[in-house]
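The values are calculated or read from the model by the stated rules, or taken from the named source; none is laboratory data. None of these values were measured; they are calculated from a predicted model. Glycine gets a Cβ as well: all are built from the backbone with ideal geometry, and neighbour counts include every protein chain shown.
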Amino acid sequence: MMLAKSNKPSPYPTVLVVDDDHAIMRAVATVLGSDESIQIIGQTTHAQAGLAMAASLRPDVVLMDIHMHGLDPFLACKEITQSTDGHTRILFYTGFPRDNYLDRCLAVGAAGIVSKHSESLRNLAFAIRHVAAGNMYFSPELDKRLVQLEDGAPGSRLATLSDREVGVLRELSLGRTQSEIAEALDISERTVNKTVGDLKIKLEVQTINEMLIFAVNEGLVHPELQFVARPDQQA
């Protein structure tokens with residue numbers, strides 16, 4: 001389904017809503033449409049239609065669900081930016097806030113990410129106005145995960161992990177002991193133990209179970225099932 005209005009100049013930020021959940025798309029568009037400081041000029045449940053509508057309508061902001069069938073949202077962000085000559089800003093909207101989404105969002109120049117679970121629609125309207133004014137916006141639960149990387153750029157906790165730390169985390173997630181991990185990765189048990197300690201500090205967790213939850217949420221246990229790659233795996 002797709003709906004569009006005239007693309008005549010508006011004194012308020014114009015917004016295109018793209019979400020393949022019809023109920024969410026209509027609810028979000030209806031509530032935002034009642035905000036006098038925002039103009040909804042289009043809505044669609046189809047990812048490819050969203051790309052075409054963005055190029056045609058040139059909204060100030062595209063509010064896009066991250067989990068759209070048949071479309072990598074981060075590649076879509078780059079395509080929309082290119083087709084609108086940088087005019088349109090992309091604000092992602094997700095019910096599954098993850099660290100690697102933060103990194104890919106930053107990498108493609110998106111304006112931010114809003115959590116569907118922790119943000120009210122009123123806050124969503126604020127986020128849209130904020131990014132339309134040229135700013136970045138991340139929901140508080142995501143913003144607190146951002147850290148300063150060695151090169152001074154912002155990144156997630158996941159981006160701070162070394163290949164060895166990711167390897168140890170994956171092995172732990174498979175239920176292996178430290179001695180088994182040491183053998184699998186060809187390192188000493190002392191190194192494994194130190195790496196586990198480093199992981200707890202970087203991920204700001206206290207227990208192995210918390211580390212494992214992080215690994216599962218970030219797709220590190222079965223990376224082949226995770227459609228969003230880590231930054232260092234991108235071409």
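A few remarks follow.
- Close pairs (8 angstrom Cβ cut-off, 6 or more residues apart or separate chains): at pLDDT 95 or above in segment 46-66, among the basic types (Lys, Arg) and not in a helix (DSSP H, G or I) anywhere: ASP60/ARG89; VAL61/ARG89; VAL62/ARG89
- Yes/no for ARG170 being closer than 24 Å to ARG104 by Cβ, in a helix (DSSP H, G or I) and of a type in the set (Lys, Arg): yes
- Residue check, ARG122 outside any helix (DSSP H, G or I) and of a type in the set (Lys, Arg): no
- Residue within segment 69-83 that is of a type in the set (Lys, Arg), modelled with pLDDT of 90 or more, buried (at least 18 other Cβ atoms within 10 Å of the Cβ) and more than 18 Å from PRO140 (Cα to Cα) present: no
- Check on GLU210, assigned to a helix (DSSP H, G or I), surrounded by fewer than 17 Cβ atoms within 10 Å (Cβ to Cβ) and of a type in the set (Asp, Glu): yes
- Cβ-Cβ distances below 7 Å connect the following pairs, each with a first residue in segment 180-208 that is touching a residue at least 40 places away in the same chain (Cβ under 8 Å), a second residue that is hydroxyl-bearing (Ser, Thr, Tyr), and a separation of six or more residues or different chains: LYS202/THR160.
- Matching residues, segment 66-91, being out of contact with any helix residue (DSSP H, G or I) (no Cβ under 8 Å at 6 or more places or on another chain) and more than 22 Å from LYS116 (Cβ to Cβ): LYS78, THR81, GLN82, ASP85, GLY86, HIS87
- Segment 13-101 holds strands (runs of 3 or more DSSP E) entirely within its bounds, and those carrying 2 or more residues that are under 30 Å from VAL166 (Cβ atoms) and assigned by TED's automatic domain parsing to the domain that holds ALA127 map to 61-65, 89-94.
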